[in-house]
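The values are calculated or read from the model by the stated rules, or taken from the named source; none is laboratory data. Keep in mind that this is a model prediction, so the values were computed, not measured. Quick reminder, even Gly has a Cβ in these numbers, built from the backbone with ideal geometry, and neighbours come from all protein chains shown. Accessible surface is based on the protein model in full, side chains and every heavy atom, while ligands, DNA and RNA are left aside. Shrake-Rupley method; radii C 1.70, N 1.55, O 1.52, S 1.80 Å.
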Amino acid sequence: TEIYTLSLHDALPISHTFQPGHRIRADITSSSFPRWDPNLNTGHSSWDTAASKPAEQRIHVGGGAASMIDLPVVTTG
């Protein structure tokens, strides 16, 4: 298994106020159909072939490659 570092700094700028007791959920996926063309996980375009392979995402806990999400905190005045 190869481990990749992903940076999502190009995501749309959004903000949200979390009240005490609120939680955040992150959905980890390799596609966003129908927003984007399907990811066939083969390296080929969906225009070239209909063959696809299942995707697998792993969240690492502990050790030297623990997964993390770093959310900036902005305080107001």
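Things to note:
- Amide H to amide H distances under 5 Å link SER67 with HIS60, VAL61, GLY62, where only residues 5 or more positions off or on other chains count and H is placed in the peptide plane.
- Accessible area in square angstrom per residue, the chain, 1.4 angstrom probe: 103
- Net charge contributed by nearby residues that have their C-beta within less than 15 Å of ALA55 (K/R +1, D/E -1): -2
- Calculated from backbone phi, Karplus (6.51, -1.76, 1.60) coupling profile of segment 29-42 in Hz, x at Gly/Pro: 8, 9, 8, 8, 6, x, 4, 10, 4, x, 8, 7, 6, 10
- Peptides 13-23, 61-71, 36-46 ranked from most to least packed by the mean count of surrounding Cβ atoms within 10 Å: 36-46, 61-71, 13-23.
- Placing R0 at 25 angstrom, the Cβ-Cβ distance between ILE14 and ASP48 gives a FRET efficiency of 0.15 after rounding to 0.05.
- Scanning residues 5 or more positions from SER52 or on other chains, none has an amide H under 5 Å from its amide H, with H placed 1.01 Å from N in the peptide plane.
- Pairwise FRET efficiency - ASN41 versus THR76, Cβ, R0 = 35 Å, nearest 0.05: 0.25
- Only protein atoms count toward the accessible area here, which uses a 1.4 Å probe; on the chain, the carbon and sulfur part of that area reaches 55 percent.
- Computed from point charges on the beta carbon alone (+1 for Lys and Arg, -1 for Asp and Glu), the dipole magnitude for the chain about its Cα centre is near 280 Debye.
- Evaluating 6.51 cos²θ - 1.76 cosθ + 1.60 at θ = phi - 60° for every residue in segment 54-67, the Karplus couplings come out as x, 8, 9, 10, 10, 9, 8, 10, x, x, x, 10, 5, 6 Hz, glycine and proline recorded as x.
- Model label zone, ILE28; criterion: amide N under 11 Å from point 7 Å along Cα-to-beta-carbon; scope segment 51-77: 56-62, 66-69
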